[in-house]
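Single-structure report; data block below.
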Number of protein chains: 2
Amino acid sequence: MAKTIIVQKYGGTSVADVDRIRNAAKKVVKTKKDGYNVVVVVSALGDSTDELIRLAHKITEHPNERELDMLISTGEQVSCALLTMAIHKFGEDAISFTGAQVGIITDNAFTKARIIDINAKRIVEELNSDKIVIVAGFQGVNLNQDITTLGRGGSNLTAVALAKVLDAGSCEMYTDVEGVFTADPRIVKDARKLDRISYEEMFELASLGAQVLQPRSIEFAMKFGVPIHVRSSFSNKVGTIISKEVKAMEDTVVSGVALNKDEAKVTICDVPDKPGIAAKIFKEIAKEDINVDMIVQNVSRTGATDVSFTVPGVDLNKTIRVAKEISNKIAAGAVAFDKDIAKVSVVGIGMKSHSGVAASMFEALAEENINIEMISTSEIKISCVVRKIHAEKAVRAIHEKFGLSKK
Amino acid sequence: MAKTIIVQKYGGTSVADVDRIRNAAKKVVKTKKDGYNVVVVVSALGDSTDELIRLAHKITEHPNERELDMLISTGEQVSCALLTMAIHKFGEDAISFTGAQVGIITDNAFTKARIIDINAKRIVEELNSDKIVIVAGFQGVNLNQDITTLGRGGSNLTAVALAKVLDAGSCEMYTDVEGVFTADPRIVKDARKLDRISYEEMFELASLGAQVLQPRSIEFAMKFGVPIHVRSSFSNKVGTIISKEVKAMEDTVVSGVALNKDEAKVTICDVPDKPGIAAKIFKEIAKEDINVDMIVQNVSRTGATDVSFTVPGVDLNKTIRVAKEISNKIAAGAVAFDKDIAKVSVVGIGMKSHSGVAASMFEALAEENINIEMISTSEIKISCVVRKIHAEKAVRAIHEKFGLSKK
């Protein structure tokens, strides 16, 4: 019977230098020796991709995206060759491939391409001849054989997609943290590592600022039904399994608390309270590729209302410019902004069937005298905007309130 | 009528940093604006290939050659993407390709592959849509789609091969010197730049240590009948044309003087003077991949003889070891070596039809009291081994003797 295939993905921090590459190689070899067929997806060394991008920007402010992909895809090609050499050094047979060589076919959207097909024939052949297969993450080719890259978290997409087509028994994501925690352990001392979490919860946590996995790769894993095991490349401990919702998860009302300090609030004052105005505002903003997060509109008493929304901090200047143009067009008032905010959120599949979660969260904040400036909710999430200086205190209070440190 | 195609090759020093990449881009754009179709072959930035090799050797002393090619081929991929961006910045349309993408098919000899075919369809298409085409030098793929590299001077081979299949009007090699000189200008102040030189002479000069082009790329150009224009990327001056012998060349008896200080002499003493012994010695040495250059065997008077030969200095230790083993096997005597030698050579197509060249050379050395230790000649070359400390003086004396500074 054919051996079970395990897909392992090593992120940039896991292959940042020669020692870490050796360490990753050791883990790969151990898995092989444990009796599995191993396919490894690897990211570029440390911050080498950023260095290449800086080099491109020294040449031109707006590098052509096809050429940018040609350039930055070399990062993963370097790391997969080096990891393969390190595996050889441990006496196991291994072979490296670019995205193009293993037939990772994408659309033409350079720098943010989508995988449309994988022809895994070559990988299967090499596995059958008992080799470990190392694949450069983050990249593919379009039908024209032009090199494309998959955007942020692209190596995770490669790993999930390969796990799917190879029908792998497991997709392990090696990173620099031990798994997914109930809160950032740097903020909450007794934050607890979760054994399991659902895709939906992880998706919300990731969207809310938990840095473990990009929302896009979770969405992708959820779509393909590939369970992900997030674990540390610096220990042998079991990490967190991200999978579809199982019955036991529903007993946990809240899984974790997330914090995002990278957003800013923009308010367009005195917006005429007429149908279609909100649509007009956010259509214009979307046109500029700005990702709006929370939106709050006060009830109008005077025929005019204030519209507030949050955007990523990096987009603030652009957003203010656009907001002012819109305000002129629709005859609204001044545009105000606030960078000193933070968004605190609780996430949990159990919220669906438990009431009172919002009330408990608000209570936790009230007990600490923290004012809530905006509120936004989804089926499995409640977010509150507070002053940035209160952010950590708010996370700790909420974590304590829901008793998250206890299993 | 279709435009004439010019192939330009930029070496590592010509694209060593952002400013030089911009400078190269400017030259490319000028050629395009002068009305040509331009195909550019580019080497890796500065010494980035060496850096990648160092990285591999930190992982393992003996990197697998397929993986090494996977690794080091990224150097040219980086430089061709950056050069393309720089050309865009000057407002011209350009597109970059890896060796694989433009169908440079090689054999399976990783790290020293030979080009067996080029399918230039994609290049022709892009030229026809008025783009400048930038190709990563030094690399190709085998029929299995594994990335290969072409060995030292590989980018020159790429340029010559493309010039051939595209039927280019010219193949320009941009480097950090102004062309081919009658001697190294750092040694001989009044050394003169040659307007033309034959493949054969250039081949000898290159083999003899002139650093402008590798012997292998000249052999390749000669085989395909592609004229090469060696010129500086830091000036607009015309350089040296390397082409097949033309009538006028025969009037020049000697074209240039070359110096090689990187060889060492090895002597196996008291070798039994029997048929087949020399063959035995040099077959064993060849087995170890050591390139023997000059061989001198003294006439035997006693039934035993001394066999001396020169090898690249880097191979000296290995050669001594092999020579001792051989000496044991064939019952010869001690093995001596000498690192303090230099080889001075004159090269000229005209030698074929002029006598007395050797005599003049020996006379020049005698006048400076320089002792000749070994002599080797070919149809168009005479080489003498002298003490290393006399090397520069020898070159100047010979250059003067043949009046090479005058046209």
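The values are calculated or read from the model by the stated rules, or taken from the named source; none is laboratory data. Quick caveat: nothing in here was measured; it's all calculated off a predicted structure. Methodologically, a virtual Cβ is constructed for each residue, glycine included, from the backbone with ideal geometry; neighbour enumeration extends over all protein chains shown.
For every residue, the table says whether it meets (1) touching a residue at least 60 places away in the same chain (Cβ under 8 Å); (2) in contact with a Leu (Cβ under 6 Å, 6 or more places away or on another chain); (3) not in a helix (DSSP H, G or I).
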position: A:Gln8; (1), (2), (3): yes, no, yes
position: A:Ser14; (1), (2), (3): yes, no, no
position: A:Arg20; (1), (2), (3): yes, no, no
position: A:Lys27; (1), (2), (3): yes, no, no
position: A:Lys30; (1), (2), (3): no, no, no
position: A:Gly35; (1), (2), (3): no, no, yes
position: A:Ala44; (1), (2), (3): yes, no, yes
position: A:Ile53; (1), (2), (3): no, no, no
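Of everything in the range B:62-102 that's in a loop (DSSP other than H, G, I, E, B) and among the β-branched types (Val, Ile, Thr), which residue is surrounded by the fewest Cβ atoms within 10 Å (Cβ to Cβ)?
The initial filter retains those residues of the range B:62-102 that are in a loop (DSSP other than H, G, I, E, B), namely B:62-64, B:73, B:90-93, B:98-102.
Still in the list and also among the β-branched types (Val, Ile, Thr): B:98, B:102.
Values: B:Thr98: 26, B:Val102: 23.
Within the range B:62-102, the match that is surrounded by the fewest Cβ atoms within 10 Å (Cβ to Cβ) is B:Val102.
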Flag for B:Ile105 being over 26 Å from B:Ser232 (Cβ atoms), β-branched (Val, Ile, Thr) and within 12 Å of chain A (Cβ to nearest Cβ): no
For the condition on the phi > 0 side of the Ramachandran plot, touching an Asp or Glu at 6+ places or on another chain (Cβ under 9 Å) and not polar (S, T, N, Q), what is the one hit in B:Gly46, B:Gly35, B:Gly12, B:Gly75? B:Gly46
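Kindly indicate whether A:Ile218 is within 9 Å of the chain's Cα centre (by Cα) and under 12 Å from A:Ile228 (Cα atoms).
Numbers: within 9 Å of the chain's Cα centre (by Cα): yes; under 12 Å from A:Ile228 (Cα atoms): yes.
Yes; evaluated as a whole, the condition is true for this residue.
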Residues within the range B:310-352 that are under 22 Å from B:Ser376 (Cα atoms) and in contact (Cβ under 8 Å) with a residue 60 or more places away in the chain, tallied: 18
Give me a count of the residues in the range B:1-56 that are within 30 Å of A:Leu45 (Cα to Cα), of a type in the set (D, E, K, R) and over 19 Å from the mean Cα position of the chain (by Cα). 6
Out of all the residues in the range B:48-76, which are among the basic types (Lys, Arg) and at the interface with chain A (Cβ under 10 Å from one of its Cβ atoms)? B:Lys58, B:Arg66
Quick check on the range B:62-82. Is at least one of its residues in contact (Cβ under 8 Å) with a residue 40 or more places away in the chain and farther than 22 Å from B:Gly154 by Cβ? no
Does A:Leu45 satisfy being touching a helix residue (DSSP H, G or I) at 6+ places or on another chain (Cβ under 9 Å), buried (at least 19 other Cβ atoms within 10 Å of the Cβ), over 13 Å from A:Leu82 (Cα atoms) and within 14 Å of chain B (Cβ to nearest Cβ)? no
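Regarding A:Thr267, is this residue over 30 Å from A:Arg396 (Cα atoms) and of a type in the set (S, T, N, Q)? First the steps, then the outcome.
Working: over 30 Å from A:Arg396 (Cα atoms): no; of a type in the set (S, T, N, Q): yes.
No.
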Can you go through B:Val188, B:Val212 and tell me which one is over 18 Å from B:His399 (Cα atoms), part of a loop (DSSP other than H, G, I, E, B) and aliphatic (A, V, I, L, M)? B:Val212
Only one of these is of a type outside the set (Gly, Ala, Ser) and touching a Phe, Trp or Tyr at 6+ places or on another chain (Cβ under 9 Å): B:Val246, B:Val296, B:Val238. Name it. B:Val296
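Out of all the residues in the range B:254-269, which are hydrophobic (A, V, I, L, M, F, W, C), under 25 Å from the mean Cα position of the chain (by Cα) and either modelled with pLDDT under 85 or not in a loop (DSSP other than H, G, I, E, B) (or both)? Please lay out each step first, then the result.
Taking the range B:254-269 and keeping what is hydrophobic (A, V, I, L, M, F, W, C), we get B:254, B:257-259, B:264, B:266, B:268-269.
With the extra rule that they be under 25 Å from the mean Cα position of the chain (by Cα), the set shrinks to B:254, B:257-259, B:264, B:266.
Answer for the range B:254-269, where residues must be hydrophobic (A, V, I, L, M, F, W, C), under 25 Å from the mean Cα position of the chain (by Cα) and either modelled with pLDDT under 85 or not in a loop (DSSP other than H, G, I, E, B) (or both): B:Val257, B:Ala258, B:Leu259, B:Ala264, B:Val266.
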Would you mind stating whether A:Thr106 is surrounded by 20 or more Cβ atoms within 10 Å (Cβ to Cβ), farther than 22 Å from A:Gly46 by Cα, touching a strand residue (DSSP E or B) at 6+ places or on another chain (Cβ under 8 Å) and free of Cβ contacts under 8 Å to residues at least 60 places away in the same chain? yes
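Looking at the range A:77-90 only, could you name the residues that are more than 7 Å from chain B (Cβ to nearest Cβ) and in contact with a Ser or Thr (Cβ under 8 Å, 6 or more places away or on another chain)?
Of the range A:77-90, the ones more than 7 Å from chain B (Cβ to nearest Cβ) are A:79-80, A:83, A:87, A:90.
Scanning the range A:77-90 gives A:Ser79, A:Cys80, A:Leu83.
Using the structure shown, decide if B:Glu178 is buried (at least 17 other Cβ atoms within 10 Å of the Cβ), under 18 Å from B:Val28 (Cβ atoms) and either of a type outside the set (Ser, Thr, Tyr) or without any contact (Cβ under 8 Å) to a residue 60 or more places away in the chain (or both).
no
Can you go through B:Asp251, B:Asp306 and tell me which one is of a type in the set (Asp, Glu), touching a strand residue (DSSP E or B) at 6+ places or on another chain (Cβ under 8 Å) and at pLDDT below 90?
On the way: B:Asp251 fails: touching a strand residue (DSSP E or B) at 6+ places or on another chain (Cβ under 8 Å).
Exactly one residue qualifies, and that residue is B:Asp306.
Would you check which residues across the range A:21-42 are within 13 Å of chain B (Cβ to nearest Cβ) and either polar (S, T, N, Q) or surrounded by 18 or more Cβ atoms within 10 Å (Cβ to Cβ) (or both) and list them?
Matches in the range A:21-42: A:Ile21, A:Arg22, A:Asn23, A:Ala24, A:Ala25, A:Val42.
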Please go through the range B:270-290 and give me each residue that is closer than 24 Å to B:Ser378 by Cα and either of a type in the set (A, V, I, L, M) or modelled with pLDDT of 85 or more (or both), ordered by number. B:Ile277, B:Ala278, B:Ala279, B:Lys280, B:Ile281, B:Phe282, B:Lys283, B:Ile285, B:Ala286, B:Ile290
